[in-house]
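A short worksheet on the structure shown next.
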Amino acid sequence: MNIVFVEPGFPANQRRFALALASVGANVIGIGESDEWALDDELRGAMGGYYKVGSVTNLREMLEATRYIQSKVWVDKLEATVEAHTMTAAQVREATGIPGTSVKTTWLCRDKPSMKAALREAGVPTAASAAVDHAHEAWEFAERIGYPLILKPRDGAGAKDTMRVDNDTELAHALTEFGAHGSTSIAIEEFVEGHEGFYDTIAESGRVVHDWTTHYYPNVLEAMRTRWISPQFVTTNRMADSPFYGEVAEMGQRVIEALDIGTSATHMEWFYGPKGLRFSEIGARPPGVGCWDLYSASNDVDVYREWAHVIVHGTPEHAMTRPYSAGIVALRPDRDGRIVGHSGLHEIRDRYNEWVIDAYFPPDGHLTQPVEAGYMANAYVRMRHPDYDTLRAMLDDVGRTVQVHAVAG
């Protein structure tokens with residue numbers, strides 16, 4: 001099978017998708033923005049060809065590259081695993097007759113108001129939402145639904161540029177901020193009270209063949225706005241033990257069917273609170289922030305290879321037996337500036353070394369990243385354990401014990 005893979009060289013974990021495809025027998029042809037010589041030897045050796053473009057989001061360039069490849073070999077599939085690349089990839093597929101996720105499905109997975117409208121029509125419970133092109137529409141929505149509300153870019157990923165507003169003053173400020181950044185259309189949503197998590201899958205022909213449920217502690221908006229918190233997300237190995245996880249999986253399957261997602265990785269966010277389970281949003285691509293590394297560690301299975309096996313052969317290679325739960329705790333510097341050291345590492349190693357998957361600590365002198373940059377922006381520790389509650393307690397202990405020290409400037 002000949003598979004065109006979009007941008008195998010950047011970001012760093014992209015190479016793992018290309019290597020996985022090659023490992024299950026695919027002939028991988030890369031299209032990317034880097035010079036071929038800049039790719040590492042293993043990656044270059046795994047690909048049967050490589051075509052450089054100025055931008056993998058430039059439709060003209062991507063069409064030219066794909067048609068050139070098609071003039072040399074039959075292209076069975078074209079895969080993109082980065083959110084920003086998915087729409088161009090879908091447009092190229094439709095223009096060149098390559099099967100895969102459609103433009104319509106990709107649009108629904110990226111445009112949040114359209115996504116929620118389609119899912120509400122299919123009976124999937126979601127928050128009230130609307131697309132806002134003018135300020136008066138936002139004010140009308142606020143009057144009808146009430147505060148608090150969430151404002152976000154229509155095609156954004158995760159919590160990036162997401163704002164919560166609790167009153168008229170905050171709504172006016174948020175609209176001004178979006179306008180100052182050139183946004184002409186935004187998504188506005190009812191704030192859903194409750195615990196937040198996500199449900200990730202690998203689907204084949206619209207049927208879930210692998211899935212994982214993961215919890216945020218605390219919810220993302222709070223985690224990405226509060227420096228003193230050492231936030232976590234933890235994937236559970238208890239999915240067979242609770243009716244709740246069955247409800248999450250049922251909702252995820254309905255979303256995949258409603259949006260006509262065929263063979264693809266997906267990433268779905270959800271809330272659970274006084275109004276029950278509510279769907280938040282979906283990406284028709286793998287999750288970011290190293291989630292698949294946690295899923296691999298929690299199952300002793302290479303999830304990248306599992307994805308590749310489904311893409312190439314239409315079936316999973318291994319089952320997810322879930323011997324472990326696995327999670328990450330993000331460790332924030334005590335201020336913005338330059339890293340000058342860490343404390344508490346020896347204590348954590350002494351207590352939990354056998355359960356540590358990996359860890360990263362920026363070297364002294366390294367510039368800090370802002371709190372809102374995410375879970376892996378500065379320091380982090382990833383761990384696993386057979387018992388979910390024990391793992392949560394260990395991650396809490398790491399967050400309390402390990403300190404990342406910085407100086408301003």
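The values are calculated or read from the model by the stated rules, or taken from the named source; none is laboratory data. Note that the structure is a prediction, hence the values are computed from the model and not measured. Heads up, the Cβs are rebuilt from the backbone with ideal geometry, glycines too, and the neighbour counts pull from every protein chain shown.
Things to note:
- The residues of the range 321-372 that are touching a Phe, Trp or Tyr at 6+ places or on another chain (Cβ under 7 Å) and either exposed (fewer than 13 other Cβ atoms within 10 Å of the Cβ) or of a type in the set (S, T, N, Q) (or both), listed by number, are Ser325, Tyr360.
- One residue from Ala131, Ala138 being more than 17 Å from Phe279 (Cα to Cα) and either within 20 Å of the chain's Cα centre (by Cα) or not in a helix (DSSP H, G or I) (or both): Ala131
- For the range 186-232, the set of residues classified as hydroxyl-bearing (Ser, Thr, Tyr), in a strand (DSSP E or B) and surrounded by fewer than 16 Cβ atoms within 10 Å (Cβ to Cβ) is empty.
- Whichever residue in the range 50-97 is charged (D, E, K, R) and free of Cβ contacts under 8 Å to residues at least 60 places away in the same chain and, among such residues, is farthest from Ala284 (Cα to Cα): Lys72
- Residues of the range 233-275 satisfying the condition of being of a type outside the set (A, V, I, L, M), in a helix (DSSP H, G or I) and under 16 Å from Glu204 (Cβ atoms): Gly252, Gln253, Glu257
- Tabulated pairs, the range 353-370, first assigned by TED's automatic domain parsing to the domain that holds Val340, second outside any loop (DSSP other than H, G, I, E, B) and among the small types (Gly, Ala, Ser), C-beta under 8 angstrom, 6+ apart or interchain: Ile357/Ala297; Ile357/Ala326; Ala359/Ala379; Tyr360/Ala379; Phe361/Ala379; Pro362/Ala379; Asp364/Gly341; Thr368/Ala406
- Against the conditions (1) more than 27 Å from Val28 (Cβ to Cβ); (2) of a type in the set (A, V, I, L, M); (3) within 20 Å of the chain's Cα centre (by Cα), Val340 satisfies every one except (3).
- Filtered residues of the range 16-29 (kept if under 22 Å from the mean Cα position of the chain (by Cα) and either acidic (Asp, Glu) or within 20 Å of Val75 (Cα to Cα) (or both)): Phe17, Ala18, Leu19, Ala20, Leu21
- For the range 373-393, the candidate set comprises residues that are hydrophobic (A, V, I, L, M, F, W, C) and under 14 Å from Ile328 (Cα atoms); within that set, the residue that is surrounded by the fewest Cβ atoms within 10 Å (Cβ to Cβ) is Ala393.
- Residues of the range 21-67 that are in contact with a Ser or Thr (Cβ under 9 Å, 6 or more places away or on another chain), outside any strand (DSSP E or B) and under 15 Å from Arg93 (Cα atoms): Val56, Thr57, Asn58, Leu59, Glu61, Met62, Leu63, Thr66, Arg67.
- Residue match in the range 5-16 (condition: basic (Lys, Arg), modelled with pLDDT of 95 or more and either within 24 Å of Arg305 (Cα to Cα) or touching a Cys at 6+ places or on another chain (Cβ under 9 Å) (or both)): yes
- Qualifying residue in the range 257-277 (condition: in contact with a helix residue (DSSP H, G or I) (Cβ under 8 Å, 6 or more places away or on another chain), small (Gly, Ala, Ser), closer than 29 Å to Lys77 by Cα and free of Cβ contacts under 8 Å to residues at least 12 places away in the same chain): no
- Residue, nearest to Val310 (Cα to Cα), within the range 252-264, restricted to residues that are out of contact with any Gly (no Cβ under 7 Å at 6 or more places or on another chain) and surrounded by fewer than 21 Cβ atoms within 10 Å (Cβ to Cβ): Thr263
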